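These notes concern the structure reproduced below.
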Amino acid sequence: AKETGKSKCSFFEQYMEENGKSKLALLSDIKKGLINNEFTIYYQPQVNLKSGSLNGFEALVRWNHPIKGTIAPDTFIPLAEESGLINKLGQFILNQACKDASSWPKHLKVSVNVSALQFTKNTLVEDIFNALKSSNLASEQLEIELTESVMINNYEYVVKVLNNLRERGVKVALDDFGTGYSSLSYLQEIPLDKLKIDRSFVEKLNVVDNTQATAIVKSIISLAQALNFETTIEGIESANQIAIFKGMGSTYGQGYYYSKPIDSASTISLINNWNNK
Ligand code: C2E
Ligand code: CA
Ligand code: CA
Ligand code: CA
């Protein structure tokens, strides 16, 4: 959370300096960007570590700013959250991701990040089912990723929403696991399918003998297995890491080693080439 705050701040400062704009003006730029279709979704493969097969993609939003070029989400998502604009943006992301995923083979899933703020809106379930319906995507093809911060306030409502989604086949993954609030008691309360192990642990694990990081990741994986959750390792950047995490029994992996996030059109050739490998 500290890091996000830092990058948010430097982005704001830089943006405001260069453009002589206030935070409010930046907000209005985001609003305009939504109207002008400046937001687009990139996709990063998620891979079954055991078989090497493609399991699906995570949807990651980008802002194609008319002057500044591609802007990363860490810089505008926090402001969109702070201002409540995340609901509109989040709805666009859900709709677009489901639409893009509907042209993939049926066995591939799309994982969509849902901000904790979106859980304060009482139409979230409806919005998600509408996105599935209008794109003709099977609910089994959709996974949502949420962070532990979702549990701070409206805990009972969140559990209700997640139960509702899971009953219809939508999967739920807990993102950035091991960072943030990390009270293990949440794991008993949130209806979950998957834990995504944060990149910060993975970074340190490009050498087999980093005993601390190894111990942490190993124990998260065995905790997940005991609770019947699948696991995804984030931020895999080397073949060596694949071997390590496969050996530890993690289900899925994701990272630059496989592919950086790519645009929707490029997912089709990646899917075809994957099958031919
Ligand atoms: P996240 O959900 O943890 O997404 C993973 C981030 O790690 C992505 O950054 C991805 O590009 C990056 N990444 C993946 N593999 C590697 C790797 O091997 N090495 C390194 N160094 N980085 C890797 P991105 O796309 O900049 O997204 C940053 C964060 O912004 C996301 O973190 C998520 O919290 C948020 N975000 C992105 N898209 C959305 C969205 O559609 N909705 C919401 N609410 N948040 C989003
Ligand atoms: Ca995520
Ligand atoms: Ca993550
Ligand atoms: Ca993150």
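Helix 264-276 and the longest principal axis of the Cα set of the chain meet at an angle near 20°. For K68, the aspartates and glutamates whose Cα falls under 20 Å of its own Cα, not counting residues fewer than eight places away in the same chain, are E13, E17, E18, D29, E38, D263.
Relative contact order for the stretch 185-265 using alpha-carbon pairs under 8 Å, separation at least 6, rounded to a whole percent? Rounded, it is 31 percent for the stretch 185-265. Between S222 and N154, the contour length at 0.36 nm per residue exceeds the Cα-Cα span by 21.6 nm. Projecting the Cα atoms of L162, L124, H107 onto the charge dipole of the stretch 90-165, computed from C-beta unit charges around the Cα centre, puts H107 farthest toward the positive end.
Classify the chain as rounded, prolate or oblate, taking a ≥ b ≥ c as the square roots of the eigenvalues of its Cα gyration tensor: rounded when a/c is under 1.5, otherwise prolate if a/b is larger than b/c and oblate if not. Rounded shape, in that the Cα axes give a/c under 1.5.
Overall, the stretch 177-277 carries a charge dipole of about 200 debye about its Cα centre when +1 sits on the Cβ of Lys and Arg and -1 on the Cβ of Asp and Glu, all other atoms neutral. Helical runs assigned H by DSSP (4 residues or longer) give the chain a calculated mean residue ellipticity at 222 nm of -14500 deg cm²/dmol, each run adding -39500 (n - 2.57) before division by the residue total.
Among the trypsin sites (Lys or Arg not before Pro) within the stretch 185-253, those in coil by DSSP and having at most 16 neighbouring Cβ atoms inside 10 Å are K204. Here the stretch 46-143 is treated with +1 on each Lys and Arg Cβ and -1 on each Asp and Glu Cβ, and its dipole about the Cα centre works out to around 260 debye.
Neighbours of M151 by Cβ distance under 14 Å: Lys/Arg scored +1, Asp/Glu scored -1, total -4. Helix 239-248 and the longest principal axis of the C-alpha atoms of the chain enclose an angle of approximately 60°. Summarising the label geometry, the points placed 7 Å from Cα in the beta-carbon direction at N122 and E82 lie 2.9 nm from one another.
Net length available on complete extension from L270 to A215 is 16.4 nm, with 0.36 nm assigned per residue and the Cα-Cα distance removed.
Positive-end ranking of G33, Q96, L192 along the dipole of the chain, with charges on Cβ about the Cα centre, is headed by Q96. Accessible area of the chain with a 1.4 Å probe: how many percent of it is carbon plus sulfur? Of the solvent-accessible surface of the chain, carbon and sulfur hold 49 percent.
Given the pairs K109/K133; K109/K218; K31/K121; K171/K196; K106/K160; K109/K196, which span a C-alpha to C-alpha distance of over 23 angstrom in this model? Flagged as over cut-off: K109/K218; K106/K160.
Using θ = phi - 60° in the Karplus curve 6.51 cos²θ - 1.76 cosθ + 1.60, the 3J(HN,Hα) couplings for the stretch 33-44 round to x, 5, 5, 8, 6, 7, 9, 9, 10, 9, 10, 10 Hz; x is entered for Gly and Pro.
Placing +1 on each Lys and Arg Cβ and -1 on each Asp and Glu Cβ, with no other charges, gives the chain a dipole about its Cα centre of roughly 460 debye. Measuring max minus min along each principal axis, the C-alpha atoms of the stretch 19-146 give extents of 52, 32, 23 Å (largest first). In the full protein context, the chain carries 49 Å² of accessible surface per residue, based on a 1.4 Å probe and ignoring ligands, DNA and RNA.
The values are calculated or read from the model by the stated rules, or taken from the named source; none is laboratory data. Just so you know, these numbers come straight off a predicted model, no measurement behind them. Every residue, glycine as well, gets a Cβ built from its backbone with ideal geometry; the counts of neighbours run over all protein chains shown. Just so you know, the surface numbers come from the protein's heavy atoms only, side chains and all, with ligands and any DNA or RNA stripped out. Shrake-Rupley method; radii C 1.70, N 1.55, O 1.52, S 1.80 Å.
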